[in-house]
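The values are calculated or read from the model by the stated rules, or taken from the named source; none is laboratory data. On a predicted model such as this, the values are computed, not experimentally measured, just so you know. Cβ: placed from backbone, ideal geometry, glycine included. Neighbour counts: every protein chain shown. Note: accessible area is taken over every heavy atom of the protein model, side chains too, but ligands, DNA and RNA are not part of it. Shrake-Rupley method; radii C 1.70, N 1.55, O 1.52, S 1.80 Å.
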Amino acid sequence: MSGDSIFITKERIAGDREGPLAGERVAVKDNISTEGVRTTCGSAMLSEYVPPYDATVVERLKDAGAEIVGKANMDEFGMGSTTETSHFGSTENPAAEGHVPGGSSGGSAAAVAAGEADLALGTDTGGSIRNPAAFCGVVGIKPTYGLVSRYGLVAYANSLEQIGPLAPTVEGAARLLDAIAGPDERDATTRREGAETDYAGAVDGDVDGLSIGIPTELVEGAHDGVRERFWDAIDELESRGASSHEVSLPSIEHAVAAYYVIAMSEASSNLARYDGVRYGPDTDSEGNWNESFADVRDRGFGDEVKRRILLGTYALSAGYHEKYYGKAQQARAWVEQDFEEAFEEADVLASPTMPVPPFELGESLDDPLQMYLSDANTVPVNLANLPAISVPAGTTDGLPVGFQLIGPKFGEKRIVRAASALEG
Amino acid sequence: MSDQSVPDEEVRHVAELARIGLDDEEVEEFSEQFSEILSAFETLDEVPEAERDGDLENVMRADEVREGLSQEEALRNAPDSEDGYFKGPSVS
């Protein structure tokens, strides 16, 4: 497959320095700022926007000697599960012809799957690294909240999103994570725990004695073929000395609703800045301040972005704030508690990454609620600020299936080690 | 799921708050979808009280002058500017 639908902008930013990523070609999701190279967020609103500075992760890529090969396609502002909401057209899944690459980091996952890049950066707000990793048959890591700086990431839902790596192997993803992790004085939510990491060193496949908790709620509803691959992977880990037991996370059935209320509320606030004055499309609107803004935002935003801004505005508006946003925050606390209890009796938790195989192109666009529900296995992790990895677990009817391992806060080493046991 | 749509007027009101212009077709489409999505959100009513443990801490840094964007850089992406300022639509 050609790289034409994978990148929004193809650009070579040479890594001329020596470093741990010297010689590696890295694709960067197009919501991560690159100095002098347009950063569109997959939106008409930012189609000509050229950031005057680099995101911290991009600086770190350059310092590590990597070569940036392009800005990868994505769902507009990270809102979608298929990369079909991009203003620049959809990306085809290189591992499954006629199917979506997943979203919202679909271009990043496709770049790796098609060999257009050795490694890629994505962002994960509710599963947007793990979902396309699963659909494209590659590895993706959503880091613990606070491990990786979000400075220079165009915000969608700050309290949930993290930048993370995609790669063909667990080792590649771990090396890229080593390069970008660590505190940043320009992002006060980053934490000391990432300062000196060696995740790549944890790729030794040693799962002897590892205790795996399996949240039944995340397995039962999955597609038959996906469930079979999941249990095959559990068998494999057990044959190498791990043990598994069921755990119950009763809060999980409310996670999707809580996630979307919080994400949409934060989005409605974050995206208020797109008024066409400091950046954005030129408008010849003759109206006043409010009318001009409404006009720019009508033309600049696609349907999914409008839908989420409007629902978020609704959820935060007078009379509904407690009913939706307040309750969603309570559900978030409950999810966090449930995970903490599960980790008292398990080293890691495991589930299918996506409950379904990759959608066909065009299949899910008409029914937003159905698309939201497909994130059921990934969003609880973001609500609880935990790390998780998706690693390939074979195919069903020729379509890739992903296996998800969830760790306790800053337990990246543990999930990297366990995931590496599933690689040949 | 409830079959009742969110009234068009409510969609228009929220769109006004969010400063997003919508045409009639969009209002109709959103009003149908919103009722379905909002009723899915209503399952949150069953969520029990839960407290978040407070692992939050203040992060402070010295309030020192440091290098920022130049005026030229700050204005570079603006569709319209004048005399070093952003130029916006008329207020009234």
Reported set for region A:320-333 where residues are surrounded by fewer than 24 Cβ atoms within 10 Å (Cβ to Cβ) and either touching a helix residue (DSSP H, G or I) at 6+ places or on another chain (Cβ under 8 Å) or facing chain B (nearest Cβ under 7 Å) (or both) is A:Tyr320, A:His321, A:Lys323, A:Tyr325, A:Lys327, A:Gln329, A:Gln330, A:Ala333
What number of residues within region A:94-119 satisfy the criterion of being part of a loop (DSSP other than H, G, I, E, B) and open to solvent by 20 Å² or more (accessible area, probe 1.4 Å)?
8
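Out of the residues in region A:253-278 meeting the condition of being among the β-branched types (Val, Ile, Thr) and facing chain B (nearest Cβ under 9 Å), tell me which one is surrounded by the most Cβ atoms within 10 Å (Cβ to Cβ). Show your work before the answer.
Of region A:253-278, the ones among the β-branched types (Val, Ile, Thr) are A:256, A:261-262, A:277.
Pick out the ones that are also facing chain B (nearest Cβ under 9 Å) and you get A:256, A:261, A:277.
On the way: A:Val256: 25, A:Val261: 28, A:Val277: 19.
If we take residues in region A:253-278 being among the β-branched types (Val, Ile, Thr) and facing chain B (nearest Cβ under 9 Å), then A:Val261 is surrounded by the most Cβ atoms within 10 Å (Cβ to Cβ).
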Within region B:77-85, is even one residue at pLDDT 90 or above, more than 30 Å from A:Val335 (Cα to Cα), touching a strand residue (DSSP E or B) at 6+ places or on another chain (Cβ under 8 Å) and of a type in the set (Gly, Ala, Ser)?
yes
Go through (1) crowded, with 19+ Cβ neighbours inside 10 Å; (2) within 28 Å of A:Arg175 (Cα to Cα) one by one and return the number of the condition A:Leu361 breaks.
(2)
Going through region A:302-319 one residue at a time, which ones are more than 7 Å from chain B (Cβ to nearest Cβ) and buried (at least 17 other Cβ atoms within 10 Å of the Cβ)?
A:Gly302, A:Glu304, A:Val305, A:Arg308, A:Gly312, A:Ala315, A:Leu316
Just name the residue that is farthest from the other protein chains (Cβ to nearest Cβ) out of those in region A:20-34 that are surrounded by 17 or more Cβ atoms within 10 Å (Cβ to Cβ) and not β-branched (Val, Ile, Thr).
A:Glu24
Run B:Glu25 past the list (1) under 21 Å from the mean Cα position of the chain (by Cα); (2) more than 7 Å from chain A (Cβ to nearest Cβ); (3) within 16 Å of A:Asp303 (Cα to Cα) and report the number of the one that doesn't hold.
(1)
Can you name the condition, by its number, that A:Pro281 falls short on among (1) surrounded by fewer than 24 Cβ atoms within 10 Å (Cβ to Cβ); (2) more than 9 Å from chain B (Cβ to nearest Cβ); (3) in contact with a Ser or Thr (Cβ under 8 Å, 6 or more places away or on another chain)?
(2)
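For (1) assigned to a loop (DSSP other than H, G, I, E, B); (2) small (Gly, Ala, Ser), each residue gets a yes or a no:
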position	(1), (2)
B:Ile20	yes, no
B:Ser31	no, yes
B:Ala50	yes, yes
B:Leu56	yes, no
B:Arg66	yes, no
B:Asn77	yes, no
B:Ser90	yes, yes
Picking from A:Ser81, A:Ser43, A:Ser5, the residue that is within 14 Å of chain B (Cβ to nearest Cβ) and open to solvent by less than 40 Å² (accessible area, probe 1.4 Å) would be A:Ser43
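Only one residue in A:Gly213, A:Gly221, A:Gly201, A:Gly182 is surrounded by 17 or more Cβ atoms within 10 Å (Cβ to Cβ) and either under 30 Å from A:Thr396 (Cβ atoms) or out of contact with any Ser or Thr (no Cβ under 8 Å at 6 or more places or on another chain) (or both). Which one?
Working: A:Gly221 fails: surrounded by 17 or more Cβ atoms within 10 Å (Cβ to Cβ); A:Gly201 fails: surrounded by 17 or more Cβ atoms within 10 Å (Cβ to Cβ); A:Gly182 fails: either under 30 Å from A:Thr396 (Cβ atoms) or out of contact with any Ser or Thr (no Cβ under 8 Å at 6 or more places or on another chain) (or both).
Within the list A:Gly213, A:Gly221, A:Gly201, A:Gly182, the selection yields A:Gly213.
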Return only the number of the condition from (1) of a type in the set (A, V, I, L, M); (2) crowded, with 24+ Cβ neighbours inside 10 Å; (3) within 10 Å of chain B (Cβ to nearest Cβ) that A:Leu405 does not satisfy.
(3)
Among what's in region B:24-65 and is open to solvent by 50 Å² or more (accessible area, probe 1.4 Å) and either touching a residue at least 12 places away in the same chain (Cβ under 8 Å) or in contact with a strand residue (DSSP E or B) (Cβ under 7 Å, 6 or more places away or on another chain) (or both), pick the residue that is farthest from A:Tyr260 (Cα to Cα).
B:Glu28
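Hey, can you tell me all the residues within region B:66-79 that are open to solvent by less than 70 Å² (accessible area, probe 1.4 Å) and either at positive phi or facing chain A (nearest Cβ under 7 Å) (or both)?
Start the filter on region B:66-79 by keeping residues that are open to solvent by less than 70 Å² (accessible area, probe 1.4 Å), which leaves B:68, B:70, B:73-75, B:77-79.
Result: B:Glu73, B:Asn77, B:Ala78, B:Pro79.
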Report whether or not A:Val50 is in contact with a strand residue (DSSP E or B) (Cβ under 9 Å, 6 or more places away or on another chain) and over 22 Å from A:Ala109 (Cβ atoms).
yes
Suppose we filter A:Thr197, A:Thr91, A:Thr189 for residues that are modelled with pLDDT under 95, part of a loop (DSSP other than H, G, I, E, B) and more than 14 Å from chain B (Cβ to nearest Cβ); which single one remains?
A:Thr197
Of the criteria (1) of a type outside the set (Gly, Ala, Ser); (2) over 20 Å from the mean Cα position of the chain (by Cα); (3) within 18 Å of A:Gly127 (Cβ to Cβ), which one A:Asn73 fails
(2)
Modelled with pLDDT under 95 and either more than 9 Å from chain B (Cβ to nearest Cβ) or surrounded by fewer than 19 Cβ atoms within 10 Å (Cβ to Cβ) (or both), is that true of A:Ser374?
yes
Could you figure out which of (1) of a type outside the set (A, V, I, L, M); (2) assigned to a helix (DSSP H, G or I); (3) more than 8 Å from every other protein chain (Cβ to nearest Cβ) isn't true of B:Glu16?
(3)
How many residues of region B:30-44 are of a type in the set (Asp, Glu) and facing chain A (nearest Cβ under 7 Å)? The answer is 1
